[in-house]
Amino acid sequence: MRVYIGLGSNEGDRIAHLQFALKAIQQLGKIAACSSVYESEPWGFESTHGFLNAVVVVDIRLSPMELLVKIHEIEAEAGRVRNESLGYTDRTLDLDILYMDDLLLDSENLSVPHPAIAARKFVLLPLYEISPDWYDVRKQQTVKNLLQSCEDYSIVNKNISFSRSLKWY
């Protein structure tokens, strides 16, 4: 199954956290592609710590819930402490399942495609870089069209030096 996973970090050694995530994701399946690293301001909360974001494409043989458990374990190993009652906060590592082939799933613990993709430029830009024609079954549009109609006007920039540091092969 082809899976798109969003990676983010805004606490500690951000690039090291993303690199850790890539190495851990490689243990789950074969990485097919990884975007450049993008810098963005926090989305949905106030913080002085900017984010580094990327998207990775991996071919896996896990169910959606098995993958969710695995990515939560990876986040915890990177020092993330989940506290859903606090809402969005600074974090060492944030991994989001964006797409799993053309699966459309809405459960108590997981929604695929991720329901907020179309509203987040920090997700859409790296997605567009590696897969502009990917079709979002929830929104019935390509990533390219989602990016063109996105109303998120936050600042998101590709960071070449961080991108060179991120290795997945």
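The values are calculated or read from the model by the stated rules, or taken from the named source; none is laboratory data. In this text the structure is predicted, and so the values were computed from the model without any measurement. Glycine gets a Cβ as well: all are built from the backbone with ideal geometry, and neighbour counts include every protein chain shown.
Test each condition in (1) outside any strand (DSSP E or B); (2) out of contact with any Pro (no Cβ under 8 Å at 6 or more places or on another chain); (3) at negative phi for Ile5 and report the one that comes out false.
Tallying (1) outside any strand (DSSP E or B); (2) out of contact with any Pro (no Cβ under 8 Å at 6 or more places or on another chain); (3) at negative phi, Ile5 fails exactly one: (1).
Is it the case that the stretch 111-120 has a residue that's more than 18 Å from Cys34 (Cβ to Cβ), among the polar types (S, T, N, Q) and surrounded by fewer than 22 Cβ atoms within 10 Å (Cβ to Cβ)?
Yes, the stretch 111-120 contains a residue that is more than 18 Å from Cys34 (Cβ to Cβ), among the polar types (S, T, N, Q) and surrounded by fewer than 22 Cβ atoms within 10 Å (Cβ to Cβ).
Only one of these is among the β-branched types (Val, Ile, Thr) and either surrounded by fewer than 18 Cβ atoms within 10 Å (Cβ to Cβ) or free of Cβ contacts under 8 Å to residues at least 60 places away in the same chain (or both): Val123, Val69. Name it. Write out each step before concluding.
Values: Val123 fails: either surrounded by fewer than 18 Cβ atoms within 10 Å (Cβ to Cβ) or free of Cβ contacts under 8 Å to residues at least 60 places away in the same chain (or both).
After ruling out the rest, the residue left standing is Val69.
Among the residues of the stretch 16-56, which ones are surrounded by 22 or more Cβ atoms within 10 Å (Cβ to Cβ), farther than 23 Å from Glu151 by Cα and aliphatic (A, V, I, L, M)?
Of everything in the stretch 16-56, those that are surrounded by 22 or more Cβ atoms within 10 Å (Cβ to Cβ), farther than 23 Å from Glu151 by Cα and aliphatic (A, V, I, L, M) turn out to be Leu18, Ala21, Ile25, Val56.
Just to be sure before I move on: is Asp101 under 13 Å from Met65 (Cα atoms) and modelled with pLDDT of 95 or more in the structure I sent?
Working: under 13 Å from Met65 (Cα atoms): no; modelled with pLDDT of 95 or more: yes.
Answer is no for this residue.
Note down all Cβ pairs under 6 Å where the first residue falls in the stretch 7-18 and is under 23 Å from Val57 (Cβ atoms), the second is assigned to a helix (DSSP H, G or I) and not small (Gly, Ala, Ser), and they're at least six residues apart or on different chains.
That search, which allows pairs on different chains as well, returns Leu7/Leu18; Ser9/His17; Ser9/Leu18; Ile15/Phe162.
Checking Phe162 against (1) part of a helix (DSSP H, G or I); (2) modelled with pLDDT under 95; (3) crowded, with 20+ Cβ neighbours inside 10 Å, which single condition isn't satisfied?
With respect to (1) part of a helix (DSSP H, G or I); (2) modelled with pLDDT under 95; (3) crowded, with 20+ Cβ neighbours inside 10 Å, Phe162 is out only on (3).
Has the stretch 78-95 got at least one residue that is out of contact with any Phe, Trp or Tyr (no Cβ under 9 Å at 6 or more places or on another chain), of a type in the set (A, V, I, L, M, F, W, C) and crowded, with 21+ Cβ neighbours inside 10 Å?
Within the stretch 78-95, one or more residues are out of contact with any Phe, Trp or Tyr (no Cβ under 9 Å at 6 or more places or on another chain), of a type in the set (A, V, I, L, M, F, W, C) and crowded, with 21+ Cβ neighbours inside 10 Å.
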